Ligand SMILES: [Zn+2]
């Protein structure tokens, strides 16, 4: 997990799945599967996958583990971004 993930990933200019353009103020959200920013339409499709509940549970577990370690990143914010839309 790069320390500057916020600059590198959070401010992506397009959805990594459908390549739709994302303006700085347009909501985006991290993919639970590959941790890249995607648009809300793609997130909806992701949530329909059969393995989504399993994968999102695993992610939450991983985030709780990471929170106890002292990385230079904010693992809590990183986790939230997989479940709550954000803007750049
Ligand atoms: Zn998309």
Just to be sure I understand the model, the point goes 7 Å from the Cα along the line to the Cβ. What's the resulting residue 25 to residue 41 distance in nm? 2.1 nm
For 26, 68, what's the fewest-to-most ordering of other Cβ within 10 Å of each Cβ? 68, 26
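The numbers here are math on the coordinates, done by the rules we state, and not lab data. It should be emphasised that the depicted structure is a prediction, and the values quoted were computed from it without experimental measurement. Here the Cβ is made from the backbone with ideal geometry for all residues, glycine too, and neighbour counts use every protein chain on show.
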